[in-house]
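The values are calculated or read from the model by the stated rules, or taken from the named source; none is laboratory data. This is a predicted model, so every value here is computed, not measured. We place every Cβ from the backbone using ideal geometry, glycine too, and count neighbours over all the protein chains shown. What goes into the accessible areas is simple: the full protein's heavy atoms, side chains included, and nothing from ligands, DNA or RNA. Shrake-Rupley method; radii C 1.70, N 1.55, O 1.52, S 1.80 Å.
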Amino acid sequence: MKSGLGIFVNVRRVVPNFPSLFSISQRWMFETRVFCSTTTCSTNCQAEVESVKDEGEDQSKGSGEVLRSWGCNEEDVSKIFIRRPSLKNADLVQLQSKLSLLSGLGITASELVKIINCRPRFLSCRINRCFDERLQYLMSLFESNEVLIKAIVRNPSLLTYDFQNKIKPTVALYEDMGLSKKDLTAMLLLRPTLIPRTSFNDEKMEYIHKTGISHKSKMYKYIVTLIGVSRLETIRSKIANLEKFGFSEEEVFRLLGRSPLLLTLSVDKVQRNMTFILGTMKIPAGVVLDHPNLLYCNLEAVLKPRFLLAEKMKDMALELHIKGSDMLRALRMTEKRFLKAFVNCQPKDVADELIEFYLNAKEIKRLAVTSKKNCNLGFPF
């Protein structure tokens, strides 16, 4: 803001006939009034800015004090404000009310930090809306306060979803399809977005039926929930991808029934694994139906290096090497167990050579993998 003297000079400049219009005394009074009024305006504005700044700092201190008195330490408060800066200006009465609800539920300060990190707007939502009815329903579903808290930390939106139009209908839908409370609880913990993303139609129900899984099967809850949260076009593309490698539609659904988590694998991963299995390892496609773990293996870290090591051992004509049937077993082993079973048991010089070869094989990266761009199409499946 300009000083009073600067504005005074501008007034003299704007009124050129200033001396002829007013007497000396009148001119002096006018100039004095302009100078004093502008100076007062500048002082008032600065005072207002300082007042607003002080008020913001007091509000921030107030929110921080509320969180500290609730049980958060300085580190917790800092993390919460970094993730959600607008909480510094939150209404203290509402903030205290929401924290009281969470405290009654049994949520601790460390769990609140995880919740805010997952859902920054959590304390800005109306979690107190239908809270008692919602809590009673969720308690009957999870049957344990500890499990309920774990579910809320995994998915804080359980306290913000539309209770009547989203939570209750979705839970009722899965119960009608044969999932017990125990199974549904396990799936809600495993897939936190189960409630908002579930949708079923005739085509999805037909897919579930084609897998041939009965309601009593341990795999039933997985196939039902995975198909429920997946987009139809995603399911179609993954089925078509498997059919490209010679599987019939019946075999594809039998494979999905045996290992439903195949629906979580990307089309690219399945393509690369199947290409290596059929083209390089020369394993028939039918073997994959009985050993779906081949599709889960990391190609660069497990599948390729272990196969190359087996070929190396065969070329060295070692007495102990990985035979054809042993390869499938070797791919299921942990790294430590694999090295102990096939490498460390060799003579020291041979073992050192094999270890060096194996580590070099693991360092071989895919062509242009470092320049690969991540293309996110929303929900992964």
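Residues in the range 174-187 that are in a helix (DSSP H, G or I) and touching a residue at least 40 places away in the same chain (Cβ under 8 Å): Tyr174, Lys181, Leu184, Thr185. You will find that of Arg258, Arg332, Arg337, the residue that is free of Cβ contacts under 8 Å to residues at least 40 places away in the same chain, touching a helix residue (DSSP H, G or I) at 6+ places or on another chain (Cβ under 7 Å), open to solvent by 20 Å² or more (accessible area, probe 1.4 Å) and of a type in the set (Lys, Arg) is Arg332 and no other. Helices (runs of 4 or more DSSP H) fully within the range 89-160 that include at least 3 residues being more than 24 Å from the chain's Cα centre (by Cα) and at pLDDT below 95: 92-105, 131-142. Restricting to the range 214-255, name every residue that is crowded, with 16+ Cβ neighbours inside 10 Å, under 20 Å from Val270 (Cα atoms), within 28 Å of the chain's Cα centre (by Cα) and among the charged types (D, E, K, R). Once the filter is applied, which keeps residues that are crowded, with 16+ Cβ neighbours inside 10 Å, under 20 Å from Val270 (Cα atoms), within 28 Å of the chain's Cα centre (by Cα) and among the charged types (D, E, K, R), the range 214-255 yields only Lys238. The C-beta contact set for the range 229-251 (first residue closer than 28 Å to Leu184 by Cα and touching a residue at least 12 places away in the same chain (Cβ under 8 Å), second residue basic (Lys, Arg) and in a loop (DSSP other than H, G, I, E, B), distance under 8 angstrom, 6+ apart or interchain) comprises Val229/Arg191.
Give the range 197-213 a look and list any residue that's open to solvent by less than 50 Å² (accessible area, probe 1.4 Å) and not aromatic (Phe, Trp, Tyr), or say none. Scanning the range 197-213 gives Thr198, Lys204, Ile208, Thr211, Ile213.
Results for (1) open to solvent by less than 50 Å² (accessible area, probe 1.4 Å); (2) touching a Gly at 6+ places or on another chain (Cβ under 7 Å); (3) over 27 Å from Glu143 (Cβ atoms); (4) free of Cβ contacts under 8 Å to residues at least 12 places away in the same chain, shown as yes or no for each residue.
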{"residue": "Val66", "(1), (2), (3), (4)": "yes, no, yes, no"}
{"residue": "Ser69", "(1), (2), (3), (4)": "no, no, yes, yes"}
{"residue": "Val77", "(1), (2), (3), (4)": "yes, yes, yes, no"}
{"residue": "Pro85", "(1), (2), (3), (4)": "no, no, yes, yes"}
{"residue": "Asp91", "(1), (2), (3), (4)": "no, no, yes, yes"}
{"residue": "Gly104", "(1), (2), (3), (4)": "no, no, no, yes"}
{"residue": "Leu112", "(1), (2), (3), (4)": "yes, no, no, no"}
{"residue": "Ile115", "(1), (2), (3), (4)": "yes, no, no, no"}
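Once the range 303-329 is narrowed to residues that are open to solvent by less than 30 Å² (accessible area, probe 1.4 Å) and under 15 Å from Ile277 (Cβ atoms), the residue that is modelled with the lowest pLDDT is Met327. If the condition is being assigned to a helix (DSSP H, G or I) and closer than 15 Å to Asp315 by Cβ, then the range 343-353 contributes Val350, Glu353.
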